[in-house]
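Laboratory data are not the source of any read-out in this text; all were calculated from the coordinates shown. Every value quoted in this text rests on a predicted model; they were computed, and no experiment measured them. Cβ placement follows ideal geometry from the backbone for every residue including glycine, while neighbour counts extend to all protein chains displayed.
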Amino acid sequence: MEPKTKNKTQIAYEYILSRIESGVYGPGYRIIIDQIARELSLSSIPVREAIRQLEAEGWIQYKPYTGAIVSNINEKEYLETLSVLAVLEGYATALSSSNMKEGMIQQLAELNKKMEQALHEFDFEQFSELNYEFHALIYKHCGNAYLEEQIKQIWQRMKRIRAYGFTFVPQRARESIKEHEEIIRLLKEQAPRNEIEDFVRQHKLNTAEAFKNR
């Protein structure tokens, strides 16, 4: 039975998005509809529909005489968004601190070790994914569903940029691992909430600062 057009569009959407997120299609990369259609054994129609969806979400833009290209990084938007994330994630981590059990803290330590391994292998895509997992494991215990949803939306908005963030500033990756160790210590020792909030907020702002000074 032939798959529905909607399903074909979704296949094309996920295929293109995965390549943008992994950096295979970097900023400014020209999307060739016929080529993708051939790679997926699809007609050009679902690929065009997928590109329209990705354009609406800001991943792709149309340029005169060029066609569809992967959106360039908006550095101002990235830094502004990261600053907001710093405030929200600092607060969420402080809220989560009283709910973090010993097993969860051990999971954080394991994720941080995996990040160190990814850095050793220069796998910055994996590093970024593990970094997200590290923070998501903490804030999902904050007990505030609205706050958690807002943070998730911001991470999603930043995901394309973050895939390249540690590639732009590789030295920041090493510093980030050390700061994670301090976050783990603060949570393990049940430090005062304001101390945890301040440190996590600064942890995020340090990434913004490193990006500005690269």
Margin query: Could you give the length gained by full extension between R38 and E102, i.e. 0.36 nm per residue of separation minus their alpha carbon distance, to one decimal place?
Written below: 18.0 nm
Next item on the list: Report the one residue of L130, F211, I196 whose Cα lies farthest in the direction of the positive end of the charge dipole of the chain (charges on C-beta: Lys and Arg +1, Asp and Glu -1; origin at the Cα centre).
Entry: F211
Check: Cross-link partners among aspartates and glutamates for K152, C-alpha distance below 12 Å, same-chain residues fewer than 8 apart left out?
Finding: E89, E133
Note to self: I need the semi-axes of the equivalent ellipsoid of the range 5-70: take the C-alpha gyration tensor, multiply each eigenvalue by 5, square-root it, list largest first in whole angstrom.
What the structure shows: 17, 13, 11
Margin query: Can you find, among Y146, S97, N74, the residue sitting farthest towards the positive end of the charge dipole of the range 67-170, where Lys and Arg contribute +1 and Asp and Glu -1 at Cβ?
Written below: Y146
Item checked: Length-normalised contact order of the range 84-139 in % [C-alpha pairs under 8 Å, at least 6 apart] -> 44 percent
Item checked: Prolate/oblate/rounded label for the range 75-212 (Cα gyration tensor, a/c 1.5) -> oblate
Item checked: Charge dipole (debye, nearest 20) of the chain; +1 at Cβ of Lys and Arg, -1 at Cβ of Asp and Glu -> 560 debye
Checklist line | Computed magnitude of the charge dipole of the range 172-214 (debye, nearest 20; Cβ of K, R +1, Cβ of D, E -1) | finding: 260 debye
Next item on the list: Would you compute, from DSSP H runs of 4+ residues alone, the mean residue ellipticity of the chain at 222 nm, taking -39500 (n - 2.57) per run and dividing by the full residue count, rounded to the nearest 500?
Entry: -25000 deg cm²/dmol
Note to self: Starting from the 7 Å offset along Cα-to-Cβ, what nm value, one decimal, do you get for the label separation of R185 and E77?
What the structure shows: 3.8 nm
Next item on the list: Provide the per-residue ³J(HN,Hα) series for the range 200-208, in order, calculated from phi with Karplus coefficients 6.51, -1.76, 1.60 and θ = phi - 60°, each as a whole number of Hz, with x at glycine and proline positions.
Entry: 5, 4, 5, 4, 6, 5, 4, 5, 4
Check: If the limit is 25 Å between Cα atoms, which of K76/K113; K76/K178; K76/K204 go over it?
Finding: K76/K113; K76/K178
Check: So if we plug the beta-carbon distance of K140 and R52 into 1/(1 + (r/R0)^6) with R0 = 35 Å, what FRET efficiency do we get, rounded to 0.05?
Finding: 0.60
Next item on the list: Could you please rank S41, S98, placing first whichever residue has the fewest other Cβ atoms within 10 Å of its Cβ?
Entry: S41, S98
